[in-house]
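Here's the structure we're looking at; comments come further down.
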């Protein structure tokens, strides 16, 4: 009955729809770099530059040309993967970001996985047992979770788990000095260490990762748990649940086969927002734990007014987020048979 | 007439608010905490025991005591005074930012939701593009580009909050655009603009107020986050984010009070607005309670 | 078969305990179809949920017994109840589309039930599910098996719900308002199917409905409920000819049927003589070749495909058709909220169809054409009191202010029978009937020449519908208004209108004097519509009020 063609078309449409967003992102990044109220050449040349080097930068970057021409040059540079030179490291921004990106991704994805694994069951339990201790716990976690400044949670966890308890290693990055970083395959230490079966390094990396990942997970699990609970409650009060009950289906089937599958749809949609929060929180958490990812790179660049680096970071984060959103939407398309048939 | 008896006591909005408050003491507490925070913001600077900027090297890094409730920092300033005085700055930033996004978002969203067409398409494209950035990262980019000042923190926070209002208003207006009462208002001789402004928009306000409350908390978090990474507010101005950032350096050596007290205070403020938002949600629509 | 004794159900709400059902007793015999009839809030649905033990959170059976074939339904274990549900007693619901899991193939939903009750194994589940689909007379069951609910029509969804309910051959079927929200021809198809299946399989059934006419047509016996209690029970013929309880008498009176006057809907003591409404020869409204085409996602949608008709001064014209026939679009164009794609709307000699709807608010004709909306709740601004609502057109389009305005509002309230203290209430503090009165007061505030009534009683209980319809008839005579009455209910149209227009798929299929169209329809579709309308039995007192119509 259900032909696959409209679904395929919807999927392709969704991918095509991501293109104008990418264009918009590039335009905004361009505006943020070039259309500043002041003289961009002064910004890019850095704080210590004299008039001559500012002029050099102006010519080198084409800042003396009309805005439209600058944009074309900018897009051309982007297509060649050229994000400019970093003032502080003296290397191309694209290279800096590429070397540091795996660290950020490993942290963010671990935290999100942790958050989903905790938050979804918590939300489901709270919705199916309204008024129980799980429900109250869920409410406290949800309200407290969104109120916690990530940077503060991180510091608190360091104080308690490192300084007081001594359970966690000192917050100085991805791996203690005593370990050698594993051979670069994916850039994810946990995966790379596992690949060469170096379990000691794996444990070392995992223990360094534990605190920052927990900090981020605490922050991101709140919106997921909240949405899961709400979606589950609304699914459970839907008419079709009554039909299923009246037909004598078992509780298991009603809860997981019928209610949960329907509740998943809004939860998947929320994940987009959660990713946005997570990528933002990532910057703060990396600073707190001296995590050598792109977030702490951007913070260091901000301090020394290294504009090319900051703008490269913003653009990278946006493109990453667009890609994540695309994955979420495609996931949604896969779950919901109505995609492509009903207008939203 | 089998209609409702006339003598039945009218169940007014006020009764409902009272009922919700009484059955939900948490919301009452939230209102109390809001009063306290507002008092700190308004009266704080004139009531605190010490000058928040006065340094005293002899008295540096003292743990909390009767003289210095929250202890002193690395240059001997009283942490308690600094925390209280910071309330005004943090609150001002977030209130101004949220007001801006509320006004701009409401106008754009209402117009797009009511008239639709190209206006709606253009607005949606712009919102999509803003939302395509991780919002905190966009705020970093904006402040870095516009310049590192408090005003720019406010603008950046306003810009990243605006899509939430525009989308909410757009949706609320859109579902009421063809409602019977909106059509009836047109039949009564109201122009489109009057129908939108006087009949439809007021009905979208309750969910907006919930959003404002939740958003204030989020705006405070954002502003504090930006100053934590060194944007906007500059030392020695007392501000929660920057105080936590400075205190973070001392946490690994055990001087916890430098970071913990401003952090707790920040958390309390955000928590208050979130509780308030949830409470308002109950008042506005008991079914949406989550 | 099923025996209910002194059943009471209460709900724990924030305003304390609410008794939804208070001591209800009835029996269901083998092979019997029992109708439970009542208006909203009478506890009829709650009774059936209590029998199935699927009450919403906060609901509990407070007292009484329910016994099915020797099983105590109140005290049976949850495990036993699960075996009973679907295998012994099944249920079908209103709003069939929502009653199905939106993201699961309908075939799989039927299989779930079959597998649950061990009526099928993994191997033969698909075949059995297709059998179940065929049993509810679904053509091409193989293909339907793979369909999702959103791909099917409302009537088809209700058949699927029936297939789920009947898959395991239960002995009792409870149908909870199974046709609410369905078109009248679909309603007949679904009800006929349900009745035939029940008779074929020798099942018993409980039909829960607000429509006494429908119950009378399909049930062997009827129970009338009001405020959680049974006020009367008996066979349909006796109930209609000699209702004993005042409430059932009122309900019987208020059920519209053929060959009576609109006054007979009211209790005898309220039947005042009809006022004369004069119909002049000259046309007030002339519709010529009206076309409305929307730009849909998949090509243009032709909502109205070129219709023409006249409405004479003082006439009441009924516009009848099923959902999607274009009757609402037509009325929106006539009231100038929507612009026609082509054609003319000549009002009092002027082509008002040519005036853009956008600017019509400032046109002097605005006050002459008004509308009463379908859903009274939706048509009142939740933040305005009744007084503000009625004042709105007066403030915008007349110069009345201050004391004169207040006096006019009170005059209007009195005219529509709205008690003056209710003027300062908000919509959520009013009942359905009161809200309808406020909406009517607003519509007639400017004394329009032409009033469009868009299913004004569709959301109301039948007894309140009777009152509102009579109010409309009186106002028509008092104010000399011309009506366009949009409805799907032919009986109601017959009572109120002089002239009837029947629409289908954007076209006019028949028009003529009401009596002629209703008694000797020329068009096949009109005939089908008339056939599908439930025909309640004749009433005892045939002393009709001499009405002029």
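The values are calculated or read from the model by the stated rules, or taken from the named source; none is laboratory data. As the structure is a prediction and not an experimental result, all values here were calculated from the model. Cβ sites come from the backbone with ideal geometry, for glycine too, and all protein chains shown count toward neighbours.
Residues in segment B:65-114 that are more than 19 Å from residue B:220 (Cα to Cα), surrounded by fewer than 18 Cβ atoms within 10 Å (Cβ to Cβ) and at pLDDT 90 or above: B:104, B:107.
The residues of segment B:203-233 that are part of a loop (DSSP other than H, G, I, E, B) and away from chain A (no Cβ under 12 Å) amount to a single one, B:233.
Residues in segment B:236-258 that are in a helix (DSSP H, G or I) and either modelled with pLDDT under 85 or more than 8 Å from chain A (Cβ to nearest Cβ) (or both): B:240, B:242, B:243, B:246, B:247, B:248, B:249, B:250, B:251, B:257, B:258.
Scanning segment A:215-248 for residues that are within 14 Å of chain C (Cβ to nearest Cβ), assigned to a helix (DSSP H, G or I) and closer than 14 Å to residue A:260 by Cβ yields A:231, A:232, A:233, A:234, A:235, A:236, A:240, A:241, A:244. Screening segment C:429-442 for residues that are at the interface with chain B (Cβ under 8 Å from one of its Cβ atoms) and part of a helix (DSSP H, G or I) and picking the one that is nearest to the chain's Cα centre (by Cα) gives C:433. Only one of the numbered conditions (1) buried (at least 21 other Cβ atoms within 10 Å of the Cβ); (2) out of contact with any helix residue (DSSP H, G or I) (no Cβ under 7 Å at 6 or more places or on another chain) is not met by residue A:207, and that is (1).
If you filter segment A:256-281 down to residues that are surrounded by fewer than 20 Cβ atoms within 10 Å (Cβ to Cβ) and closer than 30 Å to residue C:48 by Cβ, you find that the one that is farthest from the other protein chains (Cβ to nearest Cβ) is A:256. If I filter segment A:119-128 for residues that are in contact with a helix residue (DSSP H, G or I) (Cβ under 8 Å, 6 or more places away or on another chain), surrounded by fewer than 20 Cβ atoms within 10 Å (Cβ to Cβ), at pLDDT below 90 and within 13 Å of chain B (Cβ to nearest Cβ), do I get at least one hit? No - not one qualifying residue is present in segment A:119-128. Inside segment C:112-130, residues that are crowded, with 22+ Cβ neighbours inside 10 Å and either without any contact (Cβ under 8 Å) to a residue 24 or more places away in the chain or more than 7 Å from chain A (Cβ to nearest Cβ) (or both) make up a count of 4. Selection of segment B:52-73 for residues being assigned to a loop (DSSP other than H, G, I, E, B) and out of contact with any helix residue (DSSP H, G or I) (no Cβ under 7 Å at 6 or more places or on another chain) yields B:53, B:54, B:55, B:56, B:60, B:61, B:62, B:65, B:66, B:67. Checked against (1) in contact (Cβ under 8 Å) with a residue 60 or more places away in the chain; (2) part of a helix (DSSP H, G or I); (3) more than 9 Å from chain B (Cβ to nearest Cβ), residue C:408 passes all but a single condition, namely (1). On inspection, residue A:25 fails the criterion of being within 33 Å of the chain's Cα centre (by Cα), assigned to a helix (DSSP H, G or I) and modelled with pLDDT under 80. When segment C:30-52 is filtered for residues that are more than 21 Å from residue C:234 (Cβ to Cβ) and either without any contact (Cβ under 8 Å) to a residue 24 or more places away in the chain or surrounded by 18 or more Cβ atoms within 10 Å (Cβ to Cβ) (or both), the ones remaining, listed by number, are C:45, C:46, C:49, C:50, C:51, C:52. Of all the listed residues (A:57, A:75, A:42), the sole one being assigned to a helix (DSSP H, G or I) and at pLDDT 80 or above is A:75.
Of all the residues that make up segment C:296-349, how many are outside any helix (DSSP H, G or I), closer than 27 Å to residue C:280 by Cα and away from chain B (no Cβ under 14 Å)? Final tally of qualifying residues: 23. Tell me yes or no: at least one residue of segment C:68-78 is more than 9 Å from chain A (Cβ to nearest Cβ), in contact with a helix residue (DSSP H, G or I) (Cβ under 9 Å, 6 or more places away or on another chain) and outside any loop (DSSP other than H, G, I, E, B). Checking segment C:68-78: at least one residue is more than 9 Å from chain A (Cβ to nearest Cβ), in contact with a helix residue (DSSP H, G or I) (Cβ under 9 Å, 6 or more places away or on another chain) and outside any loop (DSSP other than H, G, I, E, B).
Within segment A:282-297, being more than 7 Å from chain B (Cβ to nearest Cβ) and either assigned to a helix (DSSP H, G or I) or surrounded by fewer than 23 Cβ atoms within 10 Å (Cβ to Cβ) (or both) holds for A:282, A:285, A:286, A:290, A:292, A:294, A:295, A:296, A:297. Kindly evaluate residue C:104 against the criterion of being in contact (Cβ under 8 Å) with a residue 12 or more places away in the chain, part of a loop (DSSP other than H, G, I, E, B) and either in contact with a strand residue (DSSP E or B) (Cβ under 6 Å, 6 or more places away or on another chain) or over 30 Å from residue C:532 (Cα atoms) (or both). Here the answer is yes, as residue C:104 does meet what is asked. Taking (1) free of Cβ contacts under 8 Å to residues at least 24 places away in the same chain; (2) in contact with a helix residue (DSSP H, G or I) (Cβ under 8 Å, 6 or more places away or on another chain); (3) within 7 Å of another protein chain (Cβ to nearest Cβ) in turn, residue C:421 satisfies each apart from (2). Summed over segment C:211-246, the residues that are touching a strand residue (DSSP E or B) at 6+ places or on another chain (Cβ under 6 Å), part of a loop (DSSP other than H, G, I, E, B) and crowded, with 21+ Cβ neighbours inside 10 Å give a count of 2.
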